[in-house]
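Written below as structure tokens is the structure these notes are about.
The values are calculated or read from the model by the stated rules, or taken from the named source; none is laboratory data. Quick caveat: nothing in here was measured; it's all calculated off a predicted structure. Note that we place each Cβ from the backbone using ideal geometry, even for glycine, and neighbour counts take in every protein chain shown. Accessible surface areas use protein heavy atoms only, side chains included; no ligands, DNA or RNA. Shrake-Rupley method; radii C 1.70, N 1.55, O 1.52, S 1.80 Å.
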Amino acid sequence: LRRVQSLEAFLADSVGPERFRTLVLGMMAVLALTLASLGIYGTVHRSVVERSSEFAIRMALGGRAPRMIVDVLSSSMVDIAAGTVVGIVAGTASTVVLARAIDGLATHGRSPLTGAAVLLTGVAVIATLLPAMRVVRVQPVDVLRAR
């Protein structure tokens, strides 16, 4: 016997490269999810901030803050829902195509895709609510003067 080692050490040596590839792939997935979250947040936040003059006029005419926040959220939810549906369909389709193209590829069902959809939807809702709440707290005159 030349190289005596425990079974644990032998298994660790044999799965080391696969473990490293899995770690790198997982880190890239987290980075992609983070970048997607930042992009969604920036886009949705910007679209709500651009409507600050509309909110100021509605507040000046007697609009109530809770009602305006609900209006903003409901109008943004159409876009958020459409993006979520398109993302889920595209993710499911790409998973099916990859599973057929790569023999032996293990798919983990819908839970990772559902988790990502829930996370990104939550980011979009927060990106809608934060600027809307900030705009309705400011005096309408200040917002209109800034424009």
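Go through (1) under 19 Å from VAL123 (Cβ atoms); (2) loosely packed, with under 13 Cβ neighbours inside 10 Å and name the single condition ALA36 misses.
(2)
Residues are listed down the side, and each one gets a yes or a no for (1) more than 24 Å from HIS45 (Cα to Cα); (2) within 14 Å of the chain's Cα centre (by Cα); (3) free of Cβ contacts under 8 Å to residues at least 12 places away in the same chain; (4) open to solvent by less than 80 Å² (accessible area, probe 1.4 Å):
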site	(1), (2), (3), (4)
ALA82	no, yes, yes, yes
ALA117	no, yes, no, yes
LEU120	no, yes, no, yes
VAL138	no, no, no, yes
VAL143	no, no, no, yes
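Is there any pair with a first residue in the range 90-107 that is without any contact (Cβ under 8 Å) to a residue 12 or more places away in the chain and more than 17 Å from THR22 (Cβ to Cβ) and a second that is open to solvent by 60 Å² or more (accessible area, probe 1.4 Å) and assigned to a loop (DSSP other than H, G, I, E, B) whose Cβ atoms are under 7 Å apart and which are 6 or more apart or on different chains, and what are they?
If the second residue must be open to solvent by 60 Å² or more (accessible area, probe 1.4 Å) and assigned to a loop (DSSP other than H, G, I, E, B), the pairs left are ALA99/LEU105; ALA99/THR107.
So is SER52 at pLDDT below 90, within 17 Å of the chain's Cα centre (by Cα), within 30 Å of ALA65 (Cβ to Cβ) and open to solvent by less than 80 Å² (accessible area, probe 1.4 Å) or not?
no
Within the range 41-147, which helices (runs of 4 or more DSSP H) (wholly inside it) include 3 or more residues that are of a type in the set (S, T, N, Q)?
Values: elements: 52-60, 65-101, 111-137, 140-146.
Where helices (runs of 4 or more DSSP H) fall fully within the range 41-147 and carry at least 3 residues being of a type in the set (S, T, N, Q), they are 65-101, 111-137.
What do you reckon, is THR95 touching a Leu at 6+ places or on another chain (Cβ under 8 Å) and open to solvent by 50 Å² or more (accessible area, probe 1.4 Å)? Show your work before the answer.
On the way: touching a Leu at 6+ places or on another chain (Cβ under 8 Å): yes; open to solvent by 50 Å² or more (accessible area, probe 1.4 Å): yes.
Yes.
What number of residues in the range 14-49 are over 24 Å from the mean Cα position of the chain (by Cα), at pLDDT 85 or above and among the hydroxyl-bearing types (Ser, Thr, Tyr)? So that I can check it myself, show each step before the final result.
Step one: of the range 14-49, the residues over 24 Å from the mean Cα position of the chain (by Cα) are 14-21.
If we keep only those that are at pLDDT 85 or above as well, we get 20-21.
Imposing the further condition that a residue be among the hydroxyl-bearing types (Ser, Thr, Tyr) reduces the set to none.
Summing the residues that are over 24 Å from the mean Cα position of the chain (by Cα), at pLDDT 85 or above and among the hydroxyl-bearing types (Ser, Thr, Tyr) in the range 14-49 gives 0.
Every residue, every condition in (1) closer than 20 Å to PRO131 by Cα; (2) open to solvent by 70 Å² or more (accessible area, probe 1.4 Å); (3) touching a residue at least 60 places away in the same chain (Cβ under 8 Å), yes or no:
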{"residue": "GLY26", "(1), (2), (3)": "no, no, no"}
{"residue": "ALA29", "(1), (2), (3)": "no, no, no"}
{"residue": "TYR41", "(1), (2), (3)": "yes, yes, yes"}
{"residue": "ARG46", "(1), (2), (3)": "yes, yes, no"}
{"residue": "PRO66", "(1), (2), (3)": "yes, yes, no"}
